[in-house]
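Engineer: Could you have a look at this structure, given as structure tokens, before my questions?
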Amino acid sequence: MSDPDTLLWLVPGFPLAACLITAFLGPALLRRYSHWPTILGALCSLACSLLVLLSLYGSTIDHPEFHTSPHTWFTMGNFKVAFALQADALTAVMLVAVTFCGTFIAIFSTWYMRDENGYPRYFAIMSLFLFSMTGLVLANNFIALYAFWEGVGLCSYLLIGFWFQKPSAAAAARKAFLVTRLGDAGMILGIMLLWSQLGHSLDFTDIFFNARTRADSPYLTVACLLLFCGAVGKSAQFPLHVWLPDAMEGPSPVSALIHAATMVTAGVYLVARCTPLFVLAPVAQIIVACTGAFTALLAASIAVTQFDLKRVLAYSTISQLGFMFMALGAGMKDKDLAVVGASAAIFHLFTHAFFKALLFLAAGSVMLSMGHVIDMRRFSGLRKALPVTHWTFLCGALALAGVIPFSGFWSKDQIFDAVLGAGESSSPFAWLYLILFIIGLLTAAVTAFYTFRAYFRTFHGEEKIPPEAYQHGGHEVADAGHHAAPSAAVSDHAEQKFETYWAQKLPLIVLAACAALVGLVCEGFWHWLTDFLGRATSFRVEMPAHHVDYFLILVSTLSAVGGIALAAWMYYFRPGIAERIAARMPRLHDLSSRRFLFDEVYGYVVVGPLKIAALICRFFDGIVDGIVDLIGLSPRVLARILQPIQNGLVQFYALVMIVFLTAFMAIFVIWFNR
Amino acid sequence: MPIVGTDIFLFLLRHWKLLVPLALAFAAVTMLLPRPRHRAIVWGGVCGLAALILAGCFWVRWDNPVSPEVVLFYAFSGMAILGGVSMIAQRNPARSAISFAVVVMNTCGLFLLQAAPFLMAASIVIYAGAIIVTFLFVLMLAQQAGFSNADDRSREPFLATLAGFVLLGSFLLILERTFPDPKHFSEFLSRVETAAQGRTVTEITTALGDKEAFLMEVKREARRYRGTDEGIKIQQGLDDLMAGWEAREPNAAEMQNALATILEAGRKIQERNSREDLPAENVAGLGRTLFSDYLLAVELGGTLLLVATIGAIAITARRAEKSA
Amino acid sequence: MIPLSNYLIVGAILFVLGMIGFLTRRNLILMFLSAEMMLQGVAINLVAFARYHGNLHGQVFTLFIITVAACEAALALALVLMLYRSRRSLDVSLWQELREPGQEAILDLDAPPAEPMIEEELPKLTPAGGAPASPREDSHV
């Protein structure tokens, strides 16, 4: 069992088996028990991932790595694609995050999706997603990574459009797929460029090795930027961020798993994996950092005015991903800094997975309890009605805001450290990094603000429960009827219990514990995790010694607390003051709540011309169809013309024969007698 | 192979002697075919008569000696043709049957002229005696009134007659090409003979006459008999003649040789065209041939007749009524 | 001596006349007679070739043609009888059912209406064994 080959194949193998079992046997056989293969598969996968992590951690080699023996997938002349799995420190950390969140989110889904018709379908696709995601981080060459990249994109499409009968859900799924496709186009170009320039190989190790001799080459910069395109698409950075808020049409566990914890972090993983390449292309790095910072601020400023709880969390995800990219871009030419930045980003990814998944699951708990109502204006003061959700949401919010000692604090601190280090380095862009640092601090304050705005609006204030809450499942009603009349709700309101299922409460509690403690335990002041990450084979250098920057800690804590305080003042102590402030800045407020009109602009600039092109193509298609139809019609027309020859008269038939025979003979005779 | 309109027109013009009687006959038959109204019998008859007369003028070679054979041939053929026209133009089907009998009689006459007495007898017995009588029986059974509406009308008379006469025209053209006027040929050969006897070039050329016309004539003859040995010889002679004639110094001996070759081939053709007649008493020989060379066919013919008899009975047997 | 081509011309003319008759006339019997006339033309051709070549092959061939023509006549007349029994007429254009579906039958435009079958009044005898109409009629002897 400790044979690395088997272990590595098992990690994606268990979810794949679960998917196949659920897909083939689910609808007919398993039905309401379809969640068991998925949960068991995820648990086993988690166990294997932990084993991998522990084996790598305990290894005495500096940069430990497990490989499986490669199989050739296909060959096309010079282009040889092998298929093998590799696991180093980076992979192991990602695997643990993915499988852990996956397991608990699957458990939560058993409560959330229990009234749905597509129950087996949901779990089958979720298992498929776990398979693709684990495969993505285990892949050892670019093409295998791209294959799994598309796999997670497919699962995202299927799960966002889970309720495909709803037009908005179907549209959102399409949008997600197409927008990420744009990014993927750039990514495959980047992969091909790397293949052609760096020795016609696709393995990570080969490419990173061959790249060392090509520092500062423009090809490398272009290739890195193209790879970053893919990351922009998948991780919803500007300008391809528009799909993520719409993706909230999917069920909340889906949003938690795919659009908070795992899939959107694939872009971060890619850039972290390719750190050896980015280190040699400083221009690409600064672009990455700027994009990240800009996106973070943009998303945060939109999240401030949103009323849909899940949309707030979606923009928060975009913003945090921006932070991660900011850290990844803080490497510059200095390899030490690159390691620091990359490991900071991955650490933030790790903690973000926990607290964002927690926040989304809590939002899902709220949503289902409130009868699929998620508009914050329609409910408030839910802390008595949903106590577990309330406390876990608070844990997550504190982690997101970055309050010590919650996990978000530690990872955000490391990011600021990396960016500040880049700002103080000797590179020509140092001044830009300082600006980015300030933007990051500002964004952190805004993050704390909108997070606690959501918290206060949802859980504090007078208790207001929308009427749909009593018509839907998700709670136990005193009388065993699902459709209690609203008027009866008031009387047995005290007997309503919204949180009765352990499947609803357990994942929240576990993830809240992680959100609170992971940062402290794994990192804290003893830096176990980042040291371990530093041993990833991509880095090849020693992790520099960590120093504790108390000034930085103070500044970041101040920004977080300041944001929380502002939110508390506006929404807890003086509710109502928010509308007055919004009325004083109508244009800004409008722009923010309308998400800076990105969708409208894209609609005009991209979708409009494409629709015209589609019309033109349909016109040409009609011409081609018309020609084919015409060709198909001509035998019929010919037949109509020739049909009267068959009029049933024998003499007519004989006459036709004789006439043609005579004509033939006459022509013959005349020609030969000329 | 572009056949241009002018080509056709010139071609038709060249053979006008053949085509004018044909055209008149076409007009005649079209007018004579039965129609419910406006049937121009008189005009048809006039046209037909004109056609016959012109055919007589243009097609018949009047310089042959007039023997009883010739007279009989033309009589029989004429009456056969008239009977044929009458058969297809009569309204009353019974009269058509009688006309057919007339045709058969005259055909038998032609058989007799060609030394086929047994065939004559067999034809008369079988055709005129059996087949026509059976037809008349059926007619009497079916159409007691004489003629019905259907007999009054023709199906596409113009087109059918046109097709028929164009076909006939092509037959006649082919026949004319294959069997040319023998007088023409002997005239040509005598010219070649006189030229072959000439000693000098000038003698030869004067005997031959117009160079181009003569060469054209030789070419035509070579083409007519192309494929046969004689045709090849004529072609050879033509080539030699042309080589000798168009050389800078025409050689009389060469030209003489060429003309001699042509003459020889021509005489052979003439010889071949005049054959002995078949002896008239050939019934015994016919019988012997039938039962030795064609025995199998005779037996099969007999079986065929048996089968036809049984078939005819089987087809027309009324099933016994099964009604109670 | 009459050259071969003369006989061939006569044969051709008879053949063509027979063909025209077959294509034109609408009476079944007449169609068949025209076919027989075509065979006559062919027979003339064959016998002429027999004389031209100096052997009897042509005559033998003609004999078989006559045989086959006889068989053909027998069977054809049987079939004509069957056709007549169906439609009570010898008109060939009554049989148009094998035309394309959707085509209309080609009818005579100016045909006078079909004459009604005149049922002749046949004399009726009193049934045998029955008494005469007027039993009290005296017989004038």
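The values are calculated or read from the model by the stated rules, or taken from the named source; none is laboratory data. Predicted model, so just to flag it, every value in this text is computed and none were measured. Methodologically, a virtual Cβ is constructed for each residue, glycine included, from the backbone with ideal geometry; neighbour enumeration extends over all protein chains shown.
Engineer: Which one is nearest to the other protein chains (Cβ to nearest Cβ), of the residues in segment B:32-80 that are under 19 Å from the mean Cα position of the chain (by Cα) and hydroxyl-bearing (Ser, Thr, Tyr)?
Structural biologist: Looking at the filtered set, the residue picked out is B:Ser77.
Engineer: Restricting the search to segment B:140-165, which residues are surrounded by fewer than 20 Cβ atoms within 10 Å (Cβ to Cβ) and outside any helix (DSSP H, G or I)? Let's see the steps before the verdict.
Structural biologist: Applying the first criterion (surrounded by fewer than 20 Cβ atoms within 10 Å (Cβ to Cβ)) to segment B:140-165 yields B:140-141, B:144-149, B:152, B:156, B:158-159, B:162.
Within segment B:140-165, B:Gln144, B:Ala145, B:Gly146, B:Phe147, B:Ser148, B:Glu156 meet the criteria.
Engineer: Suppose we filter B:Thr202, B:Thr206, B:Thr194, B:Thr261 for residues that are over 28 Å from A:Ile670 (Cα atoms), in contact with a helix residue (DSSP H, G or I) (Cβ under 6 Å, 6 or more places away or on another chain) and surrounded by fewer than 17 Cβ atoms within 10 Å (Cβ to Cβ); which single one remains? Steps first, please.
Structural biologist: On the way: B:Thr202 fails: in contact with a helix residue (DSSP H, G or I) (Cβ under 6 Å, 6 or more places away or on another chain); B:Thr206 fails: in contact with a helix residue (DSSP H, G or I) (Cβ under 6 Å, 6 or more places away or on another chain); B:Thr261 fails: surrounded by fewer than 17 Cβ atoms within 10 Å (Cβ to Cβ).
Testing whether each residue is over 28 Å from A:Ile670 (Cα atoms), in contact with a helix residue (DSSP H, G or I) (Cβ under 6 Å, 6 or more places away or on another chain) and surrounded by fewer than 17 Cβ atoms within 10 Å (Cβ to Cβ) leaves just B:Thr194.
Engineer: Would you be able to say whether some residue in segment A:419-433 is surrounded by 21 or more Cβ atoms within 10 Å (Cβ to Cβ), aromatic (Phe, Trp, Tyr), without any contact (Cβ under 8 Å) to a residue 24 or more places away in the chain and out of contact with any strand residue (DSSP E or B) (no Cβ under 7 Å at 6 or more places or on another chain)?
Structural biologist: Checked against the condition, which is being surrounded by 21 or more Cβ atoms within 10 Å (Cβ to Cβ), aromatic (Phe, Trp, Tyr), without any contact (Cβ under 8 Å) to a residue 24 or more places away in the chain and out of contact with any strand residue (DSSP E or B) (no Cβ under 7 Å at 6 or more places or on another chain), segment A:419-433 yields no hits at all.
Engineer: Of C:Val80, C:Val42, which residue is touching a residue at least 40 places away in the same chain (Cβ under 8 Å) and either under 19 Å from the mean Cα position of the chain (by Cα) or more than 7 Å from chain B (Cβ to nearest Cβ) (or both)? Quick ask: steps written out before the conclusion?
Structural biologist: Values: C:Val42 fails: touching a residue at least 40 places away in the same chain (Cβ under 8 Å).
Unique residue meeting the criteria: C:Val80.
Engineer: Cβ-Cβ below 6 Å, separation at least six or inter-chain, first residue in segment B:178-207 and closer than 26 Å to A:Phe672 by Cβ, second small (Gly, Ala, Ser): which pairs?
Structural biologist: If the second residue must be small (Gly, Ala, Ser), the pairs left are B:Phe179/C:Ser5; B:Leu189/B:Gly266.
Engineer: I'd like to check something: does segment A:665-674 contain any residue that is exposed (fewer than 14 other Cβ atoms within 10 Å of the Cβ), within 14 Å of another protein chain (Cβ to nearest Cβ) and either within 30 Å of C:Val92 (Cβ to Cβ) or in contact with a Gly (Cβ under 8 Å, 6 or more places away or on another chain) (or both)?
Structural biologist: no
Engineer: Could you grab me the full set of residues in segment B:292-312 that are exposed (fewer than 12 other Cβ atoms within 10 Å of the Cβ) and more than 21 Å from C:His53 (Cα to Cα)?
Structural biologist: Matches in segment B:292-312: B:Leu295, B:Leu296, B:Glu299, B:Gly302, B:Thr303, B:Leu306, B:Ile310.
Engineer: To continue, here is another question. For C:Val16, are the conditions met, namely being facing another protein chain (nearest Cβ under 7 Å) and modelled with pLDDT of 95 or more?
Structural biologist: Details: facing another protein chain (nearest Cβ under 7 Å): yes; modelled with pLDDT of 95 or more: yes.
When the stated conditions are applied, C:Val16 passes them.
Engineer: Sticking with this structure for a sec: Restricting to segment A:301-332, give me the number of residues that are under 13 Å from A:Ala231 (Cβ atoms) and either free of Cβ contacts under 8 Å to residues at least 12 places away in the same chain or assigned to a loop (DSSP other than H, G, I, E, B) (or both).
Structural biologist: 1
Engineer: In addition: Can you find a residue that is surrounded by 24 or more Cβ atoms within 10 Å (Cβ to Cβ), of a type in the set (Ser, Thr, Tyr), under 16 Å from A:Leu328 (Cβ atoms) and assigned by TED's automatic domain parsing to the domain that holds A:Thr180 anywhere in segment A:258-267?
Structural biologist: yes
Engineer: Please tell me if C:Phe22 is more than 7 Å from chain B (Cβ to nearest Cβ) and either out of contact with any helix residue (DSSP H, G or I) (no Cβ under 6 Å at 6 or more places or on another chain) or not polar (S, T, N, Q) (or both). Quick ask: steps written out before the conclusion?
Structural biologist: Values: more than 7 Å from chain B (Cβ to nearest Cβ): yes; either out of contact with any helix residue (DSSP H, G or I) (no Cβ under 6 Å at 6 or more places or on another chain) or not polar (S, T, N, Q) (or both): yes.
For C:Phe22, the condition - more than 7 Å from chain B (Cβ to nearest Cβ) and either out of contact with any helix residue (DSSP H, G or I) (no Cβ under 6 Å at 6 or more places or on another chain) or not polar (S, T, N, Q) (or both) - is met.
Engineer: Which of (1) in contact with an Asp or Glu (Cβ under 8 Å, 6 or more places away or on another chain); (2) more than 16 Å from A:Ala293 (Cα to Cα) is the odd one out, the single condition A:Ala430 does not satisfy?
Structural biologist: Among (1) in contact with an Asp or Glu (Cβ under 8 Å, 6 or more places away or on another chain); (2) more than 16 Å from A:Ala293 (Cα to Cα), A:Ala430 violates only (2).
Engineer: Moving on to the next point. Here are some conditions: (1) within 14 Å of chain A (Cβ to nearest Cβ); (2) outside any helix (DSSP H, G or I); (3) closer than 17 Å to B:Leu110 by Cβ. C:Glu100 meets all but one. Which one does it not meet?
Structural biologist: (3)
Engineer: If a residue counts only when it is surrounded by fewer than 11 Cβ atoms within 10 Å (Cβ to Cβ) and β-branched (Val, Ile, Thr), which helices (runs of 4 or more DSSP H) contained entirely in segment A:548-650 have at least 3 such residues?
Structural biologist: Numbers: elements: A:550-568, A:577-584, A:586-593, A:598-602, A:608-642.
Where helices (runs of 4 or more DSSP H) fall fully within segment A:548-650 and carry at least 3 residues being surrounded by fewer than 11 Cβ atoms within 10 Å (Cβ to Cβ) and β-branched (Val, Ile, Thr), they are A:608-642.
Engineer: In this structure, does B:Leu141 turn out to be touching a residue at least 40 places away in the same chain (Cβ under 8 Å) and of a type in the set (A, V, I, L, M, F, W, C)? Outline the logic, then answer.
Structural biologist: Numbers: touching a residue at least 40 places away in the same chain (Cβ under 8 Å): no; of a type in the set (A, V, I, L, M, F, W, C): yes.
Considered against the rule, which asks whether it is touching a residue at least 40 places away in the same chain (Cβ under 8 Å) and of a type in the set (A, V, I, L, M, F, W, C), B:Leu141 comes out as no.
Engineer: For segment A:449-457, does any single residue satisfy the condition of being touching a strand residue (DSSP E or B) at 6+ places or on another chain (Cβ under 8 Å) and in contact (Cβ under 8 Å) with a residue 40 or more places away in the chain? I'd like the intermediate steps shown before the answer.
Structural biologist: Narrowing segment A:449-457 to residues touching a strand residue (DSSP E or B) at 6+ places or on another chain (Cβ under 8 Å): A:457.
Filter once more, keeping what is in contact (Cβ under 8 Å) with a residue 40 or more places away in the chain: A:457.
Yes: one or more hits.
Engineer: OK, next. Could you grab me the full set of residues in segment B:166-184 that are buried (at least 17 other Cβ atoms within 10 Å of the Cβ) and either within 22 Å of C:Asp108 (Cα to Cα) or more than 7 Å from chain C (Cβ to nearest Cβ) (or both)?
Structural biologist: The answer is B:Val166, B:Gly169, B:Ser170, B:Leu173, B:Ile174, B:Glu176.
Engineer: Looking only at segment C:51-67, count how many residues are touching a helix residue (DSSP H, G or I) at 6+ places or on another chain (Cβ under 7 Å), part of a helix (DSSP H, G or I) and free of Cβ contacts under 8 Å to residues at least 12 places away in the same chain.
Structural biologist: 5
Yes or no, residue by residue, for (1) crowded, with 24+ Cβ neighbours inside 10 Å; (2) out of contact with any Cys (no Cβ under 9 Å at 6 or more places or on another chain); (3) assigned to a helix (DSSP H, G or I):
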| residue | (1), (2), (3) |
| --- | --- |
| A:Ala344 | yes, yes, yes |
| A:Thr351 | yes, no, yes |
| A:Val366 | yes, yes, yes |
| A:Lys384 | no, yes, no |
| A:Val388 | no, yes, yes |
| A:Trp391 | no, yes, yes |
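Engineer: When segment C:2-30 is examined, which residues are found to be surrounded by fewer than 24 Cβ atoms within 10 Å (Cβ to Cβ) and either at positive phi or touching a Phe, Trp or Tyr at 6+ places or on another chain (Cβ under 6 Å) (or both)?
Structural biologist: Once the filter is applied, which keeps residues that are surrounded by fewer than 24 Cβ atoms within 10 Å (Cβ to Cβ) and either at positive phi or touching a Phe, Trp or Tyr at 6+ places or on another chain (Cβ under 6 Å) (or both), segment C:2-30 yields C:Ile2, C:Leu4, C:Ser5, C:Ala12.
Engineer: Can I ask one more? Need pairs with beta-carbon distance below 7 Å; first residue at positive phi and within segment B:243-268, second surrounded by fewer than 20 Cβ atoms within 10 Å (Cβ to Cβ); sequence gap 6+ or separate chains.
Structural biologist: Correct list of pairs: empty, since none qualify.
Engineer: Same structure, new question: Say whether the condition of being at pLDDT below 90 and surrounded by 15 or more Cβ atoms within 10 Å (Cβ to Cβ) is met by at least one residue in segment B:77-86. Spell out the reasoning first.
Structural biologist: Step one: list which residues in segment B:77-86 are at pLDDT below 90, which gives none.
No, every residue in segment B:77-86 fails to be at pLDDT below 90 and surrounded by 15 or more Cβ atoms within 10 Å (Cβ to Cβ).
Engineer: Residues A:Gln285, A:Gln306: which one is buried (at least 24 other Cβ atoms within 10 Å of the Cβ), more than 12 Å from A:Val264 (Cβ to Cβ) and not hydrophobic (A, V, I, L, M, F, W, C)?
Structural biologist: Numbers: A:Gln306 fails: buried (at least 24 other Cβ atoms within 10 Å of the Cβ).
Among A:Gln285, A:Gln306, only A:Gln285 is buried (at least 24 other Cβ atoms within 10 Å of the Cβ), more than 12 Å from A:Val264 (Cβ to Cβ) and not hydrophobic (A, V, I, L, M, F, W, C).
Engineer: Then there is this: Restricting attention to segment B:130-139, does a residue exist that is within 7 Å of chain C (Cβ to nearest Cβ), assigned to a helix (DSSP H, G or I) and in contact with an Asp or Glu (Cβ under 8 Å, 6 or more places away or on another chain)?
Structural biologist: Yes, segment B:130-139 contains at least one residue that is within 7 Å of chain C (Cβ to nearest Cβ), assigned to a helix (DSSP H, G or I) and in contact with an Asp or Glu (Cβ under 8 Å, 6 or more places away or on another chain).
Engineer: What are the residues in segment A:103-118 that are farther than 17 Å from A:Gly364 by Cα and either outside the structural domain of A:His35 (by TED's automatic domain parsing) or out of contact with any Phe, Trp or Tyr (no Cβ under 9 Å at 6 or more places or on another chain) (or both), if any?
Structural biologist: Passing the criteria: only A:Asn117.
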